[in-house]
Amino acid sequence: MAWNPDIKGVTLPFSVLKQSLKQPHTLNYPVEKRQLVPGYRGFHVNDLSLCVGCGNCQEICMNEAIDMVEASGEINPKNASGLVPRIDYGRCCWCSLCADVCGPYSLRLEGEYTYVNADADSFLYVPKSIKNP
């Protein structure tokens with residue numbers, strides 16, 4: 001019986017050395033920021049100068065993540081209800097139906113998506129105006 005060495009079995013452990021020379025696929029998060037991807041669905045932005053307070057965004061939201069609240073600050077004079085959308089990010093699935101159904105195109109999703117807070121009530125978010133971020 002002749003000795004038949006398994007070359008692959010002998011060399012396979014050394015392939016780890018090849019992997020150790022490659023650049024990692026991860027980021028050092030606080031130091032390095034990930035580049036924003038065009039069209040990424042991040043936080044909601046509402047241009048209050050265009051919002052008419054119609055509530056279409058609330059009606060279309062299948063997760064019931066949007067409710068209409070009284071606006072604080074300067075709003076569109078055509079906003080007869082005086083209400084603007086408030087998004088509950090604990091329920092939102094970022095489907096963007098609210099932005100798609102917005103008639104005056106005041107509600108949209110921006111590219112920013114990072115938010116960390118220990119206070120659960122802070123996830124009830126009234127979108128900031130584009131003019132006054």
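Residues in the stretch 89-123 that are open to solvent by less than 40 Å² (accessible area, probe 1.4 Å) and not in a loop (DSSP other than H, G, I, E, B) were compared, and the one that is modelled with the lowest pLDDT is Ser122.
Here's a check for you: in the stretch 36-62, which residue that is assigned to a helix (DSSP H, G or I) and of a type outside the set (Val, Ile, Thr) is nearest to Ala80 (Cα to Cα)? So the residue we want is Asn56. Any residue at all in the stretch 45-64 that's of a type in the set (A, V, I, L, M), open to solvent by 30 Å² or more (accessible area, probe 1.4 Å) and in contact with a helix residue (DSSP H, G or I) (Cβ under 8 Å, 6 or more places away or on another chain)? Taking every residue of the stretch 45-64 in turn, at least one turns out to be of a type in the set (A, V, I, L, M), open to solvent by 30 Å² or more (accessible area, probe 1.4 Å) and in contact with a helix residue (DSSP H, G or I) (Cβ under 8 Å, 6 or more places away or on another chain). For the stretch 65-88, residues that are among the polar types (S, T, N, Q) and exposed (fewer than 15 other Cβ atoms within 10 Å of the Cβ) total 2.
Contact map, the stretch 116-133: first residue over 17 Å from Tyr89 (Cβ atoms), second residue of a type in the set (Asp, Glu) and at pLDDT 75 or above, Cβ cut-off under 6 Å, separation 6 or more or different chains; pairs are Ile130/Asp47. Among residues of the stretch 46-66 that are touching a residue at least 12 places away in the same chain (Cβ under 8 Å), those with a beta-carbon under 7 Å from a residue that is β-branched (Val, Ile, Thr) and open to solvent by 70 Å² or more (accessible area, probe 1.4 Å) at least six positions away or on a different chain give the pairs Asp47/Ile130. Does at least one position in the stretch 23-38 carry a residue that is in contact with a helix residue (DSSP H, G or I) (Cβ under 6 Å, 6 or more places away or on another chain) and either surrounded by 14 or more Cβ atoms within 10 Å (Cβ to Cβ) or within 29 Å of Leu124 (Cα to Cα) (or both)? Looking through the stretch 23-38, none of the residues is in contact with a helix residue (DSSP H, G or I) (Cβ under 6 Å, 6 or more places away or on another chain) and either surrounded by 14 or more Cβ atoms within 10 Å (Cβ to Cβ) or within 29 Å of Leu124 (Cα to Cα) (or both).
Among residues of the stretch 69-90 that are without any contact (Cβ under 8 Å) to a residue 40 or more places away in the chain, those with a Cβ under 7 angstrom from a residue that is open to solvent by 50 Å² or more (accessible area, probe 1.4 Å) and polar (S, T, N, Q), sequence gap 6+ or separate chain, pair up as Asn76/Ser49.
Going through (1) closer than 26 Å to Tyr115 by Cα; (2) modelled with pLDDT of 85 or more; (3) more than 20 Å from the chain's Cα centre (by Cα) one by one, Cys54 falls short only on (1).
The values are calculated or read from the model by the stated rules, or taken from the named source; none is laboratory data. All of these numbers come straight from a predicted model, not from anything done at the bench. Counting neighbours? That spans all protein chains shown, and the Cβs are built from the backbone with ideal geometry, glycine included. Heavy atoms of the whole protein, side chains included, go into the accessibility calculation; ligands, DNA and RNA do not. Shrake-Rupley method; radii C 1.70, N 1.55, O 1.52, S 1.80 Å.
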